[in-house]
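These notes concern the structure reproduced below.
The values are calculated or read from the model by the stated rules, or taken from the named source; none is laboratory data. Quantities reported herein were computed from a predicted structural model and do not represent experimental measurements. Neighbour counts are summed over all protein chains in view; Cβ atoms, including those assigned to glycine, are modelled from backbone coordinates with ideal geometry.
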Amino acid sequence: MAKTLHYKSAEEIELIRESAQLVSKTLAEVAKVISPGITTIALNKLAETFIRDHKGVPAFLNYNGFPYSLCISPNEQVVHGFPGTKELKEGDILSVDCGVILNKYVGDSAYTFAVGEISVETQRLLDVTKECLRLGVEKAVTGMRVGDIGYAVQEHAEKNGYGVVKELVGHGVGFKLHEKPDVPNYGKRGSGMKLEEGLVIAIEPMINAGKAGVKFWSDGWTVSTVDNKPSAHFEHTVAVKKGQPDILSTFSYIEEVLQQKQIN
């Protein structure tokens with residue numbers, strides 16, 4: 001699908017923020033029920049109901065024919081996994097990617113969850129991938145370039161011994177789910193398109209525990225690691241600003257839920 005480059009006004013960025021915040025709250029609702037024994041199709045239904053109850057529309061549903069409201073990708077699946085009837089089990093990890101259209105504007109965010117207790121090695125993959133997102137987002141300021149974002153992500157992942165997925169990238173977002181520019185998770189400092197105020201992008205490191213390579217499934221959507229080792233995925237919708245980035249989505253709702261679950 002052809003992508004167009006759009007700069008957003010301050011008013012439009014606030015509307016995208018509202019949509020991105022609904023995405024964040026939806027992911028927090030999903031976080032409440034993720035546990036061994038639940039099916040991923042149940043998570044999909046919960047998310048779609050929550051989005052519609054808050055006057056939003058699932059951005060993924062029927063997008064280029066995608067048949068669900070969430071992309072749910074366990075373990076070795078990288079992204080674009082189909083929800084299904086298989087129950088989650090202790091030790092799984094689960095990337096949940098969500099998009100919402102609210103008042104005609106699109107927000108997009110993803111979070112990789114631990115299902116029950118996970119191994120120390122797998123927790124490290126999640127921690128480093130989230131750090132990659134933070135480091136990439138830090139570069140989303142006026143005057144930097146797309147390559148600076150990719151370099152920050154790649155450098156941190158690879159120095160920790162992980163593979164950076166290159167076949168799939170972040171993207172512009174706001175008026176549509178996918179806009180220009182592409183935002184790769186690899187690159188050279190000082191290369192690529194210059195970042196200017198009003199650009200809104202989805203930054204989304206996809207980091208593999210093993211090799212960087214991926215395989216594409218015959219369903220036309222699901223992507224998994226070539227060596228069947230786990231992959232993690234975190235994503236924020238970010239507006240480029242002078243001095244510091246404006247993160248329109250948030251993990252705070254999710255993390256409050258996860259802290260509460262630990263206490264209980």
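Per-structure values
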quantity	calculated
Counted residues, region 156-175 - those being farther than 16 Å from residue 133 by Cα and either at pLDDT below 95 or over 16 Å from the mean Cα position of the chain (by Cα) (or both)	2
Check on residue 223, under 26 Å from residue 81 (Cβ atoms), among the hydrophobic types (A, V, I, L, M, F, W, C) and surrounded by fewer than 24 Cβ atoms within 10 Å (Cβ to Cβ)	yes
Hits in region 198-220 - residues which are buried (at least 19 other Cβ atoms within 10 Å of the Cβ) and touching a residue at least 60 places away in the same chain (Cβ under 8 Å)	199, 200, 201, 202, 203, 204, 205, 206, 207, 208, 209, 214
Qualifying position, being under 20 Å from residue 254 (Cβ atoms), crowded, with 20+ Cβ neighbours inside 10 Å and either in contact with a Lys or Arg (Cβ under 8 Å, 6 or more places away or on another chain) or at pLDDT 95 or above (or both), among 46, 70	70
Test: residue in region 127-138 that is touching a helix residue (DSSP H, G or I) at 6+ places or on another chain (Cβ under 7 Å), aliphatic (A, V, I, L, M) and either under 18 Å from residue 224 (Cβ atoms) or modelled with pLDDT of 95 or more (or both)	yes
Test: residue in region 92-102 that is of a type in the set (Gly, Ala, Ser), in contact with an Asp or Glu (Cβ under 8 Å, 6 or more places away or on another chain) and under 16 Å from residue 202 (Cβ atoms)	yes
Residue in region 198-213 that is modelled with pLDDT of 95 or more, of a type in the set (S, T, N, Q) and not in a strand (DSSP E or B) present	no
Sole residue being at pLDDT below 95 and either more than 21 Å from residue 101 (Cα to Cα) or surrounded by 13 or more Cβ atoms within 10 Å (Cβ to Cβ) (or both), chosen from 229, 261, 242	261
Set 199, 168, 248, 177: member being closer than 22 Å to residue 24 by Cβ, in contact with a Lys or Arg (Cβ under 6 Å, 6 or more places away or on another chain) and not small (Gly, Ala, Ser)	248
All positions within region 1-14 that are crowded, with 18+ Cβ neighbours inside 10 Å and basic (Lys, Arg)	8
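Let's see how each residue does on (1) crowded, with 20+ Cβ neighbours inside 10 Å; (2) modelled with pLDDT of 95 or more; (3) not in a loop (DSSP other than H, G, I, E, B):
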{"residue": "16", "(1), (2), (3)": "yes, yes, yes"}
{"residue": "20", "(1), (2), (3)": "yes, yes, yes"}
{"residue": "24", "(1), (2), (3)": "yes, yes, yes"}
{"residue": "31", "(1), (2), (3)": "yes, yes, yes"}
{"residue": "36", "(1), (2), (3)": "no, yes, no"}
{"residue": "41", "(1), (2), (3)": "no, yes, yes"}
